[in-house]
1. Return the total of residues in segment 108-120 being open to solvent by 40 Å² or more (accessible area, probe 1.4 Å), over 13 Å from Y37 (Cβ atoms) and at pLDDT 95 or above.
2. Can you tell me which residue within segment 63-80, out of those that are open to solvent by 60 Å² or more (accessible area, probe 1.4 Å) and outside any loop (DSSP other than H, G, I, E, B), is farthest from G15 (Cα to Cα)?
3. Against the condition in a strand (DSSP E or B) and in contact with a helix residue (DSSP H, G or I) (Cβ under 9 Å, 6 or more places away or on another chain), how does I99 come out, does it pass?
4. Is segment 83-90 home to any residue that is under 24 Å from G16 (Cα atoms), open to solvent by 30 Å² or more (accessible area, probe 1.4 Å) and assigned to a strand (DSSP E or B)?
5. Please go through segment 91-107 and give me each residue that is in contact with a Ser or Thr (Cβ under 6 Å, 6 or more places away or on another chain), within 14 Å of I28 (Cβ to Cβ) and open to solvent by less than 80 Å² (accessible area, probe 1.4 Å), ordered by number.
6. Before we move on, is Y79 under 14 Å from S21 (Cβ atoms) and aromatic (F, W, Y)?
7. Against the definition (touching a Ser or Thr at 6+ places or on another chain (Cβ under 6 Å) and either part of a strand (DSSP E or B) or under 21 Å from G8 (Cα atoms) (or both)), how does A23 come out, yes or no?
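The values are calculated or read from the model by the stated rules, or taken from the named source; none is laboratory data. Source: prediction; values computed, not measured. Reconstructed Cβ throughout: ideal geometry from the backbone, glycine too, with neighbour counts over all protein chains shown. For the accessible areas, the whole protein counts, side chains as well, though only heavy atoms, and no ligand, DNA or RNA atoms are used. Shrake-Rupley method; radii C 1.70, N 1.55, O 1.52, S 1.80 Å.
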Amino acid sequence: QVQLVESGGGLVQPGGSLRLSCAASGTIFSINRMAWYRQAPGKQRELVAGITSGGSTNYADSVKGRFTISRDNAKSTVYLQMNSLKAEDTAVYYCSANISPRGYSRRDYWGQGTQVTVSP
């Protein structure tokens, strides 16, 4: 079965950087849109960044100019480079991907999440 696994989270000081990775595994036929979401305590889940199979990207206003989403189709992996991190970026970050598994209909898959904490 298809799985998504995030990695790269951790503790970083304000102004620091982290790079998150999300690797998809399983009998994948194709992956269309991939995205990163986050959820902070007491807040709703929000879209951070998305990227289509063709490389088109979109970002939340709060992260524009600081975060960059990219993907490596050969590795079925999506990345989120996070620079100039702020305390308000603290959240659990989740990877999402729209995937067509071999023999199954297309659907969205989610990773387990990785914690990002920005603190002095």
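1. Final tally of qualifying residues: 3.
2. Across segment 63-80, the extreme among qualifying residues is A74.
3. no
4. no
5. Of everything in segment 91-107, those that are in contact with a Ser or Thr (Cβ under 6 Å, 6 or more places away or on another chain), within 14 Å of I28 (Cβ to Cβ) and open to solvent by less than 80 Å² (accessible area, probe 1.4 Å) turn out to be S100, P101.
6. Here the answer is yes, as Y79 does meet what is asked.
7. When the stated conditions are applied, A23 passes them.
Matching residues to (1) touching a residue at least 60 places away in the same chain (Cβ under 8 Å); (2) among the small types (G, A, S); (3) within 20 Å of S84 (Cα to Cα); (4) open to solvent by 30 Å² or more (accessible area, probe 1.4 Å):
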| residue | (1), (2), (3), (4) |
| --- | --- |
| A23 | no, yes, no, yes |
| T27 | yes, no, no, yes |
| R38 | yes, no, yes, no |
| G50 | no, yes, yes, no |
| T57 | no, no, yes, yes |
| D61 | no, no, yes, yes |
